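See structure below.
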Ligand SMILES: [Zn+2]
């Protein structure tokens, strides 16, 4: 059979697109879907290279949290509750406030809402900043003192203590050495059992996070566009450069106001204050190829009780002299914990004006405004 070679849209080298796995429109960790098209315009080397950005999306972003809540179908499903960061960013940090102290919490199962509070002391400096120091099983007064010193706190500080009886005895024995003359604030004991607490999540991401979202948008567009666009056209030069080498995400992630489309999801807040959320977990993709610029709207992890703002990605300009590529959308749906792949279906979309949405258990504590480069 003849090999039909194509040019990689990222590096222009020629390669055989029939080889290799290609790029699924989005990372398998966010769910595997029956019949989702595969993007074959990137050579294996570039595919591998740009794929590295995905690690931040699936491990460090809010998507890491929502993937655990919604449990999409995927191979190599893990039940390990541990959060692991990417090479470029730490894993999400979870904390809760108890009696005025900001305590670190840790998940005890895949469900991130299922947590416990490990033994720890919290150092509070004079500016009111809280620094939790976890007391691992083998902690010593020297290891704790080293951690406190590493904080570089000048002047007096408060120490909040949240420990089991065993660690308490040990702490009392070394308190004078660790904190000569400092004020200790022992938190009241919590009775054994289940208690609801509010959990605060901090997600730290770099431009890799946004590069993987923009890549998802571009490859989705290229897989489904009706104008025969391959991705190597000049209007996509800037977006290719960003995906490959990084840069300022705000050129591509635009605010809903800047977008020529006012979303297409059937879900969101209603005028009377409620919200329409889907009965089953899903992702939602929408492409606008008929306006002055090409926009893909991505809404990941919509589910029972969960709606978030969609992300609008501006891929490039569409000249008015070009044909109208229309609009289209896909609804990707799954049942949590299912072992069969989720379904993908093309859907008709409506338009909506107000899309400032962030609701759902746990989500109210997520502050997206602090995300670097985020513009909502
Ligand atoms: Zn390449």
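Things to note:
- Cα-based shape type of the chain, given that a ≥ b ≥ c are square roots of the gyration tensor eigenvalues and the cut on a/c is 1.5: prolate
- Comparing 85, 20, 273 in a Gaussian network model of the chain (Cα springs below 10 Å), the most mobile by mean-square fluctuation is 273.
- Listed by Cβ neighbour count within 10 Å, with the fewest neighbours leading, 283, 208, 99 appear as 99, 208, 283.
- With neighbour counts taken as other beta-carbon atoms within 10 Å, the residues 293, 301 rank, fewest first, as 293, 301.
- Rg ratio (alpha-carbon, reference 2.2 N^0.38 Å) - the range 53-163: 1.24
- Among 216, 94, sorting on how many other beta-carbon atoms sit within 10 Å of each Cβ, with the fewest leading, yields 94, 216.
- The range 1-81 shape via C-alpha gyration tensor axes, a/c threshold 1.5: prolate
- Length-normalised contact order of the range 93-202 in % [C-alpha pairs under 8 Å, at least 6 apart]: 28 percent
- By definition, a body whose alpha carbon gyration tensor gives a ≥ b ≥ c is prolate when a/c is 1.5 or more and a/b is larger than b/c, and the range 101-227 fits this prolate description.
- The label-point distance for residue 290 and residue 169, in a model that sets each label 7 Å from Cα toward Cβ, rounds to 7.5 nm.
- Dividing the summed -39500 (n - 2.57) terms of all DSSP H runs of n ≥ 4 by the residue count of the chain sets its mean residue ellipticity at 222 nm at -6000 deg cm²/dmol.
- For the options 204, 120, 308, a Gaussian network treatment of the chain with springs between C-alpha atoms closer than 10 Å singles out 120 as fluctuating the most.
- Among 268, 325, 342, residue whose mean-square fluctuation peaks in a GNM of the chain (springs only between Cα atoms under 10 Å): 325
- Compared with the alpha-carbon gap, the fully stretched path from residue 7 to residue 129 is longer by 38.6 nm at 0.36 nm per residue.
Read the figures in this text as sums done on the coordinates, not as results from a lab. Values in this document were obtained by computation on a predicted structure and should not be read as measured data. Heads up, the Cβs are rebuilt from the backbone with ideal geometry, glycines too, and the neighbour counts pull from every protein chain shown.
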